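Written below as structure tokens is the structure these notes are about.
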Amino acid sequence: MIKKYTYELDGQKDFYTTYLNRIDNSLALDDIFQDNNDGVLNGNIVEFKLNINDLNSVLFQTIKYLSQRRIKGKPIPSNIVLISLNEGVAYLYKSKDYVKHIEKVYTGSASRDNSGFVANNYNEKFYYIENQLDEDKLINILKEKFYTKIHID
């Protein structure tokens with residue numbers, strides 16, 4: 001059964017409490033929460049929402065976080081995982097498909113002015129709460145430690 005959250009932070013904590021030991025038991029929450037985003041976990045950047053109504057705007061917000069990481073000289077995770085907590089659904093995108101956007105410099109808050117961005121279709125969709133196979137696939141993706149090559153300027 002899918003738990004319904006009122007606060008995104010509660011859902012994030014439940015997700016990490018449930019899955020972090022299965023993904024990498026050497027990681028702590030302090031290792032995951034970086035640069036004011038919802039988490040960088042191995043070669044994945046994760047963005048949580050209570051409900052994702054517009055995949056394009058959530059993806060663009062995450063691209064802005066990746067741009068900030070690039071500017072700081074940090075590696076760019078290969079996978080972008082968007083999680084709709086109250087639906088129990090995760091969407092997988094590949095950051096290599098958005099390098100030209102990641103290499104731009106954005107000003108202001110990453111969570112603002114994200115409408116109008118048009119993305120490719122997601123690579124995979126996982127019903128991780130209601131489907132054991134999807135849950136296992138998502139966990140395996142979150143174990144990956146791959147990164148995207150970018151241009152250094």
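For the range 104-134, which positions are open to solvent by 70 Å² or more (accessible area, probe 1.4 Å), free of Cβ contacts under 8 Å to residues at least 12 places away in the same chain and closer than 15 Å to E47 by Cβ?
R112 - this is the single residue of the range 104-134 that is open to solvent by 70 Å² or more (accessible area, probe 1.4 Å), free of Cβ contacts under 8 Å to residues at least 12 places away in the same chain and closer than 15 Å to E47 by Cβ.
Could you give every pair whose Cβ atoms fall below 9 Å, whose first residue belongs to the range 16-33 and is under 19 Å from Q132 (Cβ atoms) and open to solvent by less than 80 Å² (accessible area, probe 1.4 Å), and whose second residue is in a loop (DSSP other than H, G, I, E, B) and of a type outside the set (A, V, I, L, M), counting only separations of at least 6 or pairs across chains?
The qualifying pairs are Y19/Y128; I23/N42.
Need at least 2 residues that are under 12 Å from the mean Cα position of the chain (by Cα) and hydroxyl-bearing (S, T, Y) per element, so show me which helices (runs of 4 or more DSSP H) inside the range 1-95 make the cut, counting only ones lying wholly within it. Lay out the reasoning, then the answer.
Details: elements: 8-23, 29-32, 55-71.
The helices (runs of 4 or more DSSP H) meeting that bar are 55-71.
So F60 passes all but one of these: (1) in contact with a Leu (Cβ under 9 Å, 6 or more places away or on another chain); (2) modelled with pLDDT of 95 or more; (3) surrounded by 15 or more Cβ atoms within 10 Å (Cβ to Cβ). Which condition number does it fail?
Only one criterion is unmet by F60, namely (1).
I need every pair where a residue in the range 78-100 that is over 22 Å from D136 (Cα atoms) has its Cβ under 6 Å from the Cβ of a residue that is open to solvent by less than 10 Å² (accessible area, probe 1.4 Å) and modelled with pLDDT of 95 or more, sequence separation at least 6 or different chains.
Y98/I63
Among the numbered conditions (1) within 22 Å of N36 (Cα to Cα); (2) open to solvent by 80 Å² or more (accessible area, probe 1.4 Å), tell me where H101 comes up short.
The one condition H101 does not meet is (2).
The values are calculated or read from the model by the stated rules, or taken from the named source; none is laboratory data. Worth saying up front: this structure is predicted, and the values here are computed from it rather than measured. Here the Cβ is made from the backbone with ideal geometry for all residues, glycine too, and neighbour counts use every protein chain on show. Heads up: the accessible areas ignore ligands, DNA and RNA and are worked out on the full protein's heavy atoms, side chains in. Shrake-Rupley method; radii C 1.70, N 1.55, O 1.52, S 1.80 Å.
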